[in-house]
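One structure is given below, encoded as structure tokens.
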Amino acid sequence: MGIAIDNEIQAKPSNTGLNSNEIAIVIQNLKKRYGTVDAVKNVSLEVRSGEIFGLLGPNGTGKTTTLRCLCTLVQPDEGLLEVCGISVTQNPAAVRQRLGYVAQEVALDKMMTGRELLEMHGDLYHLSKGQRTDRIQAVLTTLDLMEYADRLIGTYSGGLKKRLDLAAGLLHNPQILVLDEPTAGLDIESRQIMWTLIRQLQQSGTTILITSHYLEEIDALADRVAILDGGTVIASGSPQDLKKSIGGDRVTLRIREFTPLSEATQVREQLLNLDVVKSVTLNEFQGNSLNLVVEAEADVLTQIESKLNSLNLPLFGISRSQPSLEDVYLAVTGKCVSESLN
Ligand SMILES: Nc1ncnc2c1ncn2[C@@H]1O[C@H](COP(=O)(O)OP(=O)(O)O)[C@@H](O)[C@H]1O
Ligand SMILES: [Mg+2]
């Protein structure tokens, strides 16, 4: 039976050269320069149909520019961009039909109601009056915005405004949704509502490309991730594979408050003498904190504690965990999230 199924798959015609059933977005060697600034140096990634793909990276590393090139809002200098097998540069109108883009910062007219804003978007997408009414009804229901639809946007909370942005991006029923920092600045409750909505959209078949500077958000939502630094992709894969690839358990320890950097450097040397300790990174952002990568052995913490005791250094806190996406970020960029993502 398996052979018959294989044959069936092989027999499927592909007239784009790409299997657009499987690959929703292709970005190859994208470059974009503004004056002397390389906003995007060389970005390549592929988003599979139906997945949530997360783009992570420090501020100013080219995430927004990459999304804007993809969404036909910025002309790239070089590179190949395809959406559902369609060239973004050669057929922008067809691409716009398939993409919904929710920008990082949107200026909404406070004196409009949510419904009026959606009506305006419906006109931008040339929806007929009947389609417009149906789609507005659909997105208001999907995003649980019905009760706010006829209130002025000026009265909306931050979370509601973001949901309205999302509703506008979904109005023309796109196959692919591109979200630039959709939860930036939101409180925890509004972020969780947004996460639930994003998951529901994926379940209903929408492919989602999302940027965020909250690593735990990408960890929770994304099937696959690309980490950008200096305008290029420096790591990519599923969060699980990326965590596995950096190996070892993580230990974070704090010696006394306001430890001088010189003392922290000495402690680092001493800890590195332990066989179980694979690496020690000083968290210069918080002078008294050290991040260790250790062998996954049971008595690691005891060994570290007795080492610090022998150095007469009081331990303020110690914790051990499996690698997180934050550890992946630290391992590949050499930077702590707190110092680079904000
Ligand atoms: N329209 C523009 N004109 C000039 N420089 C820009 C423009 N857009 C972005 N840049 C610059 O390009 C770099 C990448 O920006 P951006 O894509 O917004 O990064 P991110 O979204 O990762 O923070 C930054 O140095 C930014 O200042
Ligand atoms: Mg940005």
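The values are calculated or read from the model by the stated rules, or taken from the named source; none is laboratory data. Keep in mind the model is a prediction, meaning the values are calculated, not measured. When we count neighbours, we look across all protein chains shown, and the Cβ atoms used for this are built from the backbone with ideal geometry, even at glycine.
Some values worked out for this structure:
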read-out	value
Some residue of segment 295-318 being closer than 30 Å to Gln28 by Cα and either modelled with pLDDT under 90 or not assigned by TED's automatic domain parsing to the domain that holds Gln200 (or both)	no
Gln97 being within 16 Å of ligand 1 (Cβ to nearest atom) and either closer than 21 Å to Leu70 by Cα or surrounded by 19 or more Cβ atoms within 10 Å (Cβ to Cβ) (or both)	no
Any hit, segment 185-194, residues being under 21 Å from Leu145 (Cα atoms), of a type in the set (D, E, K, R) and in a helix (DSSP H, G or I)	yes
Those residues of segment 133-191 which are among the polar types (S, T, N, Q), more than 16 Å from ligand 1 (Cβ to nearest atom) and within 19 Å of the chain's Cα centre (by Cα), in sequence order	Gln175, Ser190
Residue check, Gly54 modelled with pLDDT under 95, within 14 Å of ligand 2 (Cβ to nearest atom) and in the same structural domain as Leu209 (by TED's automatic domain parsing)	no
Within segment 211-231, considering residues that are away from ligand 1 (no atom under 12 Å from the Cβ) and among the β-branched types (Val, Ile, Thr), the one farthest from Ser190 (Cα to Cα)	Val225
Which numbered condition Lys162 fails, given (1) modelled with pLDDT of 95 or more; (2) crowded, with 23+ Cβ neighbours inside 10 Å; (3) not aliphatic (A, V, I, L, M)	(1)
The listed residue being modelled with pLDDT under 95 and of a type in the set (Val, Ile, Thr), out of Thr207, Thr155, Thr113, Thr183	Thr183
Pair list, Cβ under 9 Å, 6 or more apart: segment 104-115 residue among the β-branched types (Val, Ile, Thr), other residue within 16 Å of ligand 2 (Cβ to nearest atom)	Val106/Lys162; Val106/Asp165
Close pairs (8 angstrom Cβ cut-off, 6 or more residues apart or separate chains): farther than 30 Å from Gly85 by Cβ in segment 175-189, more than 13 Å from ligand 2 (Cβ to nearest atom) and of a type in the set (A, V, I, L, M) anywhere	Thr183/Met194; Leu186/Met194
In segment 47-79, residue surrounded by the fewest Cβ atoms within 10 Å (Cβ to Cβ) [restricted to those that are away from ligand 1 (no atom under 14 Å from the Cβ) and under 19 Å from Gly230 (Cα atoms)]	Glu78
